[in-house]
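Asks: Here it is, the structure, as structure tokens.
Readers should treat all values here as calculations from the given coordinates under stated rules, not as data from a laboratory. Quick caveat: nothing in here was measured; it's all calculated off a predicted structure. Virtual Cβ from ideal backbone geometry, glycine too; neighbours counted across all protein chains shown.
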């Protein structure tokens, strides 16, 4: 199979930069992009509401809420990326340690991890 010349590749690339073509492509993709974003925003709203519920049941200063929201968002992202298993548990343990080092309470972080995401702590390897 013969490779295209650099002139052909450049012409193909430049054709994708024509504003009318870009607008046409985005218009075709817009409905699915909006649908995906709506689902993600609903999931994030639910996670923030559930995190707020955990924080209101604990004695947490409202100034610290954004830290716990960021922790919950990072765990959610890892859960979407990794799905589950020991890799997820290990990564969440690292994120938990990071936010604990930033001043968050371990008990609250653990409660968010367990109650909202149903992720258990990783078990240490046996002898």
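Asks: What Rg and what Dmax come out for the range 52-98 when only alpha-carbon atoms are used, in angstroms?
Replies: When restricted to the Cα atoms of the range 52-98, Rg and Dmax are 12.1, 33 Å.
Asks: Continuing with this model, one more query. Could you give the Stokes-Einstein D for the range 1-65 in µm² per second, using the C-alpha Kirkwood radius, 25 °C, 0.890 mPa s? Can you show the working numbers first?
Replies: Values: Rh = 16.5 Å.
This corresponds to a translational diffusion coefficient of 149 µm²/s.
Asks: Turning to a different aspect of this structure: Distance in nm between label sites at residue 93 and residue 63, each 7 Å beyond Cα in the beta-carbon direction?
Replies: Each label point lies 7 Å from its Cα, and together they span 3.4 nm.
Asks: Pop a pseudo-label 7 angstrom from the Cα along the beta-carbon direction at both residue 6 and residue 101 and give the gap in nm to one decimal.
Replies: 4.6
Asks: Which ordering of 41, 117, 71 is given by a fewest-first count of other beta-carbon atoms within 10 Å? Walk me through the numbers before you get to the answer.
Replies: Details: 41 10, 117 17, 71 23.
So the ranking, lowest neighbour count to highest, is 41, 117, 71.
Asks: In addition: Just to be sure I understand the model, the point goes 7 Å from the Cα along the line to the Cβ. What's the resulting residue 15 to residue 115 distance in nm?
Replies: 5.8
Asks: Quick check on the exposure proxy: order 22, 75, 63 from fewest to most C-beta atoms within 10 angstrom.
Replies: Numbers: 22 11, 75 24, 63 7.
The order, fewest Cβ neighbours first, is 63, 22, 75.
Asks: Still on this structure, I have one more. Over the range 9-117, what relative contact order in percent results from Cα pairs under 8 Å that are six or more residues apart? Provide the component values of the computation, followed by the final result.
Replies: Values: 48 pairs, mean separation 29.5, N = 109.
In percent, rounded to a whole number, it is 27.
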